[in-house]
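Peer 1: Structure below; questions to follow.
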Amino acid sequence: MVEIKHRETGQILERIDADTLAGADLRDMQLNGADLRNADLTGANLESSDLVGALLSGARLVDSVLVATDLSNADLSSADLTQAHLGAERPSRAATLNGADLSHATLERADLRHADVRRANLQGANLGHADMRGTDFQGSNLCHVVAPKALFIRANLREANLCGADLRDCHLNDANLAGASMHEADLTSALPGGFTVINLANFEGADLRGSKLRSVSAQETNFRNANLTDVDLTNAVLGGAILRRADVTNTDFSGVELASVTMEFANFSKARNAVYPSYKKNLR
């Protein structure tokens, strides 16, 4: 028999007739505030359960089912959610993690499609190969996340903190990164001839100081009013991109075709290796 108790009061919330919670059926349970720190929940089914404010730090949730689970304000710091199932094709079925602490958690290859992860702490988390299509990270802290080959397609990262993030070989197509802080982020590739894709993404007003965008595919990407100071854009593909009023001080445009780029009122006199047609007007 396993007893699940409240993290503060010690009240017994549920009794599970088993020797372990690994593989347990915990669907549709009221476990808000539960103390499950360091628990082994490998393969457990927590679908539609209430885990608001639960303590799951260090818990093992590998391959667990958390679809439609409410994990708002839960502590999942250093938890192992490798290949966990939190996402869904329909947003109403995805997990809720707004305000959760996922710092240094492992979410490698996890399904987070359409999950609500607003104002959450994911600092130092491992998101490698994770599926985050349509996930809402607005206002969240993703500083120093490790997310190679992750899918952020159509994700909402508005005003999120991605400073120092490892986003190599990611797909951020059509993602919203308006006002995001991305200084020192790495959007290059770990593979010879590889590239990160940010086509159609919105970086309006984003802080990209010192970030690495070498060989990035940024077609029709919006960098309006973005801070691109000291950014490496060597051999980037910027067809149709918008850099209107962007700060490109010391930005390296080596090998970049700028003919179709909207450049009005950007300070290209301070950029490096920028070769653009003479008909481009209103440059600063």
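Peer 1: Looking only at Gly124, Gly53, Gly255, which one moves most when the chain is put into a Gaussian network model with springs between Cα atoms under 10 Å?
Peer 2: Gly255
Peer 1: Less than 13 Å Cβ to Cβ from Thr196, Lys/Arg counted +1 and Asp/Glu -1: what total charge do the surrounding residues give?
Peer 2: Result for the neighbourhood of Thr196: 0.
Peer 1: Oh, and also: Return the ratio Rg/(2.2 N^0.38 Å) for segment 39-186, where Rg is computed over Cα atoms only. All intermediate terms of the calculation are to be shown ahead of the outcome.
Peer 2: Values: Rg = 13.4 Å, N = 148, 2.2 N^0.38 = 14.7 Å.
Normalised Cα radius of gyration, segment 39-186: 0.92.
Peer 1: Turning to a different aspect of this structure: Take Ala190 and Tyr276, extend 7 Å from each Cα along the Cα→Cβ direction, and tell me the distance between the two endpoints in nm.
Peer 2: Simple spin-label model gives 3.5 nm for this pair.
Peer 1: Tell me, what ³J(HN,Hα) does each residue in segment 234-249 have, in order and in whole Hz, if you take phi through Karplus 6.51 cos²θ - 1.76 cosθ + 1.60 with θ = phi - 60° and put x for Gly and Pro?
Peer 2: For segment 234-249, the Karplus curve yields 3, 6, 5, 9, 10, x, x, 6, 10, 10, 4, 6, 6, 8, 10, 4 Hz.
Peer 1: Can you tally the net charge around Ala147? Count Lys and Arg as +1, Asp and Glu as -1, for every other residue whose Cβ sits under 9 Å from the Cβ of Ala147.
Peer 2: +1
Peer 1: Moving on to the next point. When a/c is below 1.5 the answer is rounded, else prolate if a/b is larger than b/c, else oblate, so apply that to segment 104-253 with a ≥ b ≥ c taken from the square roots of the Cα gyration tensor eigenvalues.
Peer 2: Cα axes put segment 104-253 in the prolate bin.
Peer 1: Ile16 label point, 7 Å along Cα→Cβ, cut-off 12 Å on backbone N: hits in segment 41-67?
Peer 2: Taking a point 7 Å out along Cα→Cβ of Ile16, the residues of segment 41-67 whose backbone N falls under 12 Å are 41-47, 60-62, 64-65.
Peer 1: State whether segment 80-144 is rounded, prolate or oblate according to the following rule on the C-alpha gyration tensor (a ≥ b ≥ c being the square roots of its eigenvalues): a/c under 1.5 gives rounded; otherwise a/b larger than b/c gives prolate, and the remaining case gives oblate.
Peer 2: Since a/c reaches 1.5 but b/c is at least a/b, the shape of segment 80-144 is classed as oblate.
Peer 1: Below 14 angstrom from the Cβ of Asp186, what's the summed charge of the other residues (Lys, Arg +1; Asp, Glu -1)?
Peer 2: Net charge around Asp186: 0.
Peer 1: Still on this structure, please answer the following. Can you tell me how much longer the chain between Gln30 and Glu8 gets when fully stretched, taken as 0.36 nm per residue apart minus their C-alpha distance, in nm with one decimal? Spell out each step's value before the answer.
Peer 2: Values: separation 22, 0.36 × 22 = 7.92 nm, distance 1.54 nm.
Full-extension gain reported as 6.4 nm.
Peer 1: For the chain, build the convex hull from the C-alpha positions and give me its volume per residue in Å³. Walk me through the numbers on the way to the answer.
Peer 2: Working: hull volume 28.2 nm³, N = 284.
It is 99 Å³ per residue.
Peer 1: Further question on the same structure: Below 20 Å, Cα to Cα, which aspartates and glutamates can Lys280 reach? Residues fewer than 8 away in the same chain don't count.
Peer 2: By straight Cα distance, Lys280 reaches Glu220, Asp247, Asp252, Glu257, Glu264.
Read-outs: derived from the displayed coordinates by stated rules, not from any lab. Quick caveat, the model's predicted, so the values are computed rather than measured. Every residue, glycine among them, receives a Cβ derived from its backbone with ideal geometry; neighbour counts consider all protein chains shown.
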